[in-house]
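The values are calculated or read from the model by the stated rules, or taken from the named source; none is laboratory data. Here the structure is a predicted model, which means the values were calculated and not measured. Positions of Cβ are generated from backbone atoms using ideal geometry, with glycine treated the same way; all protein chains shown enter the neighbour counts.
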Amino acid sequence: MSRFNRSLSPAYQAFVSTVQEYADDDQEPGEGVRRAIADALEDELRERFKNAWKVDEQAEKPCFRRLITGEDECSCDRSWIDRELETVGKGERPPHKPPHSDHASLWLDEDGEPAIFSIHVYHPEIQSVSKTADPEQSQRNGWFDIVECAKHWGLEIAVMPTS
């Protein structure tokens, strides 16, 4: 019995037992039970994401600026100072990537137009930044930078529970 179902199938029970056994064992770094389940569900989760957002494929280069400007390809020519300022959402031109992004993807709609820029956000509330990006602070709460960047460029933010 689980919290959602009073009569569980033998296959379900076997799966739960296997996952529990795996979770109880020592794993190599990066091979935890959540990672294993995510790897097993990768294709299904990708299809769910694509269907939910009505996107078809990823752009070859994940360029945030394309989402803002609608350009056909990345035209970013940035100095290291521009890259540092992008870290905290500052800069005069649309940035190549939003602040605190990792594992970025630019998703295209059925017409091949930029539609969604997805990133993985790993604890942005404790991000270190350079003095060039923010002379006042060496650490920032990156959530505020992410929200401010989206607001500044007229974009919406959605946080998905799965990746």
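Considering Ser9, Ser101, Ser105, the condition of being within 23 Å of Pro124 (Cα to Cα) and at pLDDT 90 or above is satisfied by Ser105 alone. Taking only the range 148-162 into account, find how many residues are exposed (fewer than 13 other Cβ atoms within 10 Å of the Cβ) and assigned to a loop (DSSP other than H, G, I, E, B). Within the range 148-162, residues that are exposed (fewer than 13 other Cβ atoms within 10 Å of the Cβ) and assigned to a loop (DSSP other than H, G, I, E, B) number 8.
Identify all residues within the range 114-163 that are at pLDDT 85 or above and of a type in the set (Ser, Thr, Tyr); write none if there are none. Answer for the range 114-163, where residues must be at pLDDT 85 or above and of a type in the set (Ser, Thr, Tyr): just Ser118.
Of everything in the range 52-85 that is over 19 Å from the mean Cα position of the chain (by Cα) and among the aliphatic types (A, V, I, L, M), the residue that is farthest from Asp109 (Cα to Cα) is Ile81. For the range 1-29, filtering for residues that are exposed (fewer than 10 other Cβ atoms within 10 Å of the Cβ) and either touching a residue at least 40 places away in the same chain (Cβ under 8 Å) or not in a loop (DSSP other than H, G, I, E, B) (or both) leaves 3.
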